[in-house]
Amino acid sequence: SLHDALPISHELQSLRPQGMHVGVFHPLLSFAHARKSPALAGATFTAFGDARAVSAAKRLARALGEQIQVLSREPDARYHAAAALAANGGAALALLGVEILKTLGFDQRAAERALAGLLASVAQNVRSVGVPAALTGPVSRGDARTLERHLEALTRADRKLARAYAAVQPAVLVAARAQGLDAKQAR
């Protein structure tokens, strides 16, 4: 409906004539299960709105011991796009990684646990050294031969997985170039 398409701030605007202060306090977290909320540890909250509402959001973030990013206005679709790219892209790539590990004999849960630990270490690297410095692996080193071996092995196991692996490499290359990989190695 049209009502559902309106921004959150529009819905909240109706509270202003009643003397209420309006703002949004949004956790940048992935909520994959309706009954299991993610841990707040390490979360960043985004806030925007009236000065008093933002002040309350800051106090709440401090009480939770978490970070807050205050925006001067409601974010547009780029905010959700960034979250969706990182969260959903990570989950989708983990699914592919699980499928690859299963071709080696891992069962589903063991593969999921193994890659969850790997993804947690990537998240820690992003937090501690930032991006693109958190990038590791053959593309960051300009190691074309290892990439070829990966693709050959994946093609033998499952062409769909090989295509998925190849499809993500241009994005990895962008990060590697930002990290300092020279143009000759990138080719």
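Looking at the stretch 32-71 only, could you name the residues that are modelled with pLDDT of 90 or more, more than 16 Å from the chain's Cα centre (by Cα) and polar (S, T, N, Q)?
55, 67, 69
Mind checking which pairs have a first residue in the stretch 24-49 that is free of Cβ contacts under 8 Å to residues at least 24 places away in the same chain and a second that is open to solvent by 90 Å² or more (accessible area, probe 1.4 Å) and part of a loop (DSSP other than H, G, I, E, B), Cβ under 6 Å, 6 or more apart or different chains?
none
Out of the residues in the stretch 97-106 that are of a type outside the set (D, E, K, R) and in contact (Cβ under 8 Å) with a residue 12 or more places away in the chain, which is surrounded by the fewest Cβ atoms within 10 Å (Cβ to Cβ)?
Per the stated criteria, the residue is 103.
Scan the stretch 131-139 and tell me whether some residue there is out of contact with any Lys or Arg (no Cβ under 9 Å at 6 or more places or on another chain), surrounded by 14 or more Cβ atoms within 10 Å (Cβ to Cβ) and closer than 28 Å to residue 39 by Cα.
yes
Any residue that is closer than 30 Å to residue 41 by Cα, outside any helix (DSSP H, G or I) and touching a residue at least 40 places away in the same chain (Cβ under 8 Å) - is there at least one of those in the stretch 109-131?
So far as the stretch 109-131 goes, yes, one or more of its residues are closer than 30 Å to residue 41 by Cα, outside any helix (DSSP H, G or I) and touching a residue at least 40 places away in the same chain (Cβ under 8 Å).
Count, please, the residues in the stretch 174-187 that happen to be in a helix (DSSP H, G or I), at pLDDT below 95 and open to solvent by 40 Å² or more (accessible area, probe 1.4 Å).
3
Can you give me the number of residues within the stretch 42-96 that are farther than 30 Å from residue 150 by Cβ, in a helix (DSSP H, G or I) and open to solvent by 60 Å² or more (accessible area, probe 1.4 Å)?
Residues that pass the stated criteria total 11.
What are the residues in the stretch 20-31 that are modelled with pLDDT under 85 and either basic (Lys, Arg) or not in a strand (DSSP E or B) (or both), if any?
Scanning the stretch 20-31 gives 20, 21, 22.
The values are calculated or read from the model by the stated rules, or taken from the named source; none is laboratory data. No experiment lies behind these values; they were computed from the predicted model shown. Cβ atoms come from the backbone with ideal geometry, glycine included; neighbour counts cover every protein chain shown. Ligands, DNA and RNA are stripped out before the accessible areas are found, and what is left, the full protein with its side chains, is counted by its heavy atoms. Shrake-Rupley method; radii C 1.70, N 1.55, O 1.52, S 1.80 Å.
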